[in-house]
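Reviewing the structure listed below.
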Amino acid sequence: MPAPKDAIVKPPPFTYHRPATRFEVDELLGEYGADAKLLAGGQSLVPMLNMRQMSPAHVIDLGGLVGEPSVPVWRGAESTLWFGPLVRHVAVEKSRAVLEGAPLLSKAMDMVAHPPVRSRGTFVGAIAHADPASELPAVLVLLGGQVRVRSHNGIRTLAGQELYAGPFELTIAADEWIDEVRLPPGRRSDRFAIEEFTRRDADFAVCGVAATVREVGDVLVTALAFFGVGATPRRFELSAMSSDDITGGQLDLAVRELVAARLEPHDDIHATAAFRRHLAERLAVRAVRRAATSERSTE
Amino acid sequence: MRVSPGEQVTVKLSVNGIVHDVAVESRWLLSDVLRHQLGLTGTHVGCENGACGCCTVIVSGQPARACLLFAIQLEGAEIETVESLAAPDGELHPLQESFRRHHGLQCGFCTPGQLMNAKPLYRQAPEMPDCELRSALSGMICRCTGYQGIVDAVRDAARIEDEREDAK
Ligand SMILES: Cc1cc2nc3c(=O)[nH]c(=O)nc-3n(C[C@H](O)[C@H](O)[C@H](O)COP(=O)(O)OP(=O)(O)OC[C@H]3O[C@@H](n4cnc5c(N)ncnc54)[C@H](O)[C@@H]3O)c2cc1C
Ligand code: FES
Ligand code: FES
């Protein structure tokens, strides 16, 4: 009954490792570094292996790590929301802690992939994958999140922004990996929105933007992070505006200026650069208006 | 645990309630192990990169892409495939019956994935707003039906099941 062996192998051959502790992961990466890939949910790595876009000599499966929480948890004196390397999208989507502490992430997670992908894909894996079209790195950067990076040489913490070197590329060394992502507690008065344009529901965005609006005295300070446009996620602040500016034409002007000065939309099979620029402007205006007029997040 | 290229290790997989000890190489995909090692060819393979949904099976209660999992990752997991749906005497599962009635399939290539994706949710489907139901089904590509029949089938399956229960 078994088919000829050649018929049933598509991913390139690799040595498979299943470490039980974070320390063992450090050791394995210390030894194999550049020849190794970590396997978290596999929802981005396995497609790349199946298509033979890469052929790592070693695959290190994080799925065997013992004692890792499967849900996001509050931790520390200032109540940081903490995500371990095995927290799956579906657990983030259903998490009360996320809904209360980072409601923007709950909204973003609704837009990430389809249920059969969300059931396996991990939050930290998506942060590490650095897909410029993904919602999640943009949310990390916009909310001022941090990543904890470790290796056999020690542990260090980076601001989300410092993690990204380019599309699908991180600034960390080949023997380093991410063992935690943290989101700071939002202020009760912060308001959020996320908007995207996709070819089908829950697919990668052709262009999208997440926005936060914070009241500072009697003005509103708006920050934006785009995805699907630009090589790495960045956080942009608009100059302070009144709520009338936001509902009126002032916002459109500020967004147009920002997009013209700071974004470099690209052409691809899904959209021309001009269409992406249009989407970036319109979605940003819509997101900021939605955020500014939305109910306060935790009330 | 360390498994070299070409080396085979035995993995315990529960598939449709039967526990199999399967010898696998580290790079063997669940979709291929189901089809070629276990002879369960109901699970179809379209794109092998997660996009089409044909290979969707249920792993530990949740739908998952069989083409994006290595069998070696799944020691002890409970897997359900399309072969688990119809009764041993051939009576169709209510979900299958509903697909038949509502023209939820034409060529049938995507259907095993559609069924397994819908299985965990069809009991809630009658109450789901249309946009929510369509979103839950949106990860599955069908080249034939135009989707309307699939949406109708998933929405009506619970009623067909209840009707059957009442008739008993
Ligand atoms: C059909 C489809 C649609 C999708 N749509 C979306 C979408 O709309 N939005 C979106 O954001 N994503 C989408 N995804 C991707 C999905 O979110 C992935 O789950 C995610 O990008 C990667 O997470 P993972 O756990 O599967 O990581 P893996 O695939 O296991 O790993 C991804 C990469 O990150 C590395 N890595 C993993 N963990 C770590 C770590 N702890 N430290 C350092 N490196 C690590 C791996 O080595 C690999 O290079 C989609 C995927 C599919 C198949
Ligand atoms: S074959 Fe697995 S999703 Fe297409
Ligand atoms: S029935 Fe032919 S692809 Fe769906």
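For the pair the stretch B:1-55 / the stretch A:256-294, the C-alpha centres are spaced 43 Å from each other. Working note: 222 nm ellipticity from helices only, DSSP H runs with n ≥ 4, each -39,500 (n - 2.57), summed and divided by the residues of chain A, gives -9000 deg cm²/dmol to the nearest 500. Dipole of the stretch A:73-183 computed with +1 at Lys/Arg Cβ and -1 at Asp/Glu Cβ about the Cα centre; of A:Val117, A:Val73, A:Ala159, farthest Cα towards the positive end is A:Val73. Listed by chain and number, the aspartates and glutamates whose alpha-carbon sits under 18 Å from that of B:Lys12, ignoring those within fewer than 8 places in the same chain, are A:Asp61, B:Asp21, B:Glu25, B:Asp32, B:Glu75, B:Glu78, B:Glu80. The mean number of Cβ atoms from other chains found within 10 Å of a Cβ in peptide A:58-65 is 3, as a whole number.
Computed about the Cα centre, the dipole magnitude for the stretch B:8-84 is approximately 120 debye when only Lys and Arg (+1) and Asp and Glu (-1) carry charge, each at its Cβ. Largest GNM mean-square fluctuation among A:Gly186, A:Gly249, A:Gly125, using chain A with Cα springs under 10 Å: A:Gly249.
Under a model in which nothing but the beta-carbon of Lys, Arg (+1) and Asp, Glu (-1) is charged, chain B shows a dipole of about 440 debye around its Cα centre. The translational diffusion coefficient of chain B, from Stokes-Einstein at 4 °C and 1.567 mPa s with a Kirkwood hydrodynamic radius over alpha carbon pairs, comes to 78 µm²/s. Please give me the summed charge of the neighbours of B:Cys47: other residues whose Cβ is under 13 Å from its Cβ, Lys and Arg +1, Asp and Glu -1. Summing Lys/Arg as +1 and Asp/Glu as -1 gives +2. Working ranking of peptides A:222-228, A:109-115, B:160-166 by packing, defined as the average number of other Cβ atoms within 10 Å per residue, highest first, is A:222-228, A:109-115, B:160-166. Projecting the Cα atoms of B:Ala167, B:Cys47, A:Ala20 onto the dipole axis of the protein assembly as shown, where Lys and Arg carry +1 and Asp and Glu carry -1 at the beta carbon, places B:Cys47 farthest toward the positive end.
Taking the C-alpha atoms only, the angle from helix B:148-167 to the longest principal axis of chain B is near 80 degrees.
Remark: relative contact order (chain A) = 16 percent; criterion is Cα-Cα distance under 8 angstrom and separation of 6 or more residues.
On a straight-distance basis, which lysines could pair with A:Lys107 in a cross-link, Cα separation under 17 angstrom, same-chain partners fewer than 8 positions away excluded? Hits, sequence-local ones excluded: A:Lys94. Counting only residues at least eight positions apart within a chain, or on another chain, the lysines with an alpha carbon under 22 Å from that of A:Lys37 are A:Lys10. Taking every residue in B:90-97 and counting other chain Cβ atoms within 10 Å of its Cβ, the average works out to 0. Other protein chain C-beta atoms within 10 Å of residue C-beta, averaged over A:42-52: 5. To the nearest 0.05, what FRET efficiency results for A:Ser239 and A:Trp74 with a Förster distance of 41 Å applied to their C-beta separation? E(calc), rounded to 0.05, equals 0.75. When 1/r is averaged over all different Cα pairs and the result inverted, which Kirkwood radius in Å belongs to the stretch A:190-292? After inverting the mean inverse Cα-Cα distance, the result is 13.7 Å.
The charge dipole of the protein assembly as shown, taken about its Cα centre with unit charges on the Cβ of Lys, Arg, Asp and Glu (plus for the first two, minus for the last two), comes to roughly 340 debye.
In plain terms, if you count all Cα to Cα distances in chain A and split them into 10 Å steps from zero, the share in each step is 6, 27, 33, 22, 9, 3, 0, 0 percent. Can you tell me the 0 to 90 degree angle between the C-alpha axis of helix A:249-262 and the longest principal axis of chain A, rounded to 10? Value to nearest ten degrees: 40. For the residues A:Phe236, A:Phe204, A:Phe23, a GNM of chain A with alpha-carbon springs under 10 Å puts the largest fluctuation on A:Phe23.
No lab work stands behind these numbers, since they all come straight from the coordinates. Since the structure is predicted, the reported quantities are computational estimates derived from the model, not experimental observations. Cβ coordinates were reconstructed from backbone atoms using ideal geometry, including for glycine residues, and neighbour counts include every protein chain displayed.
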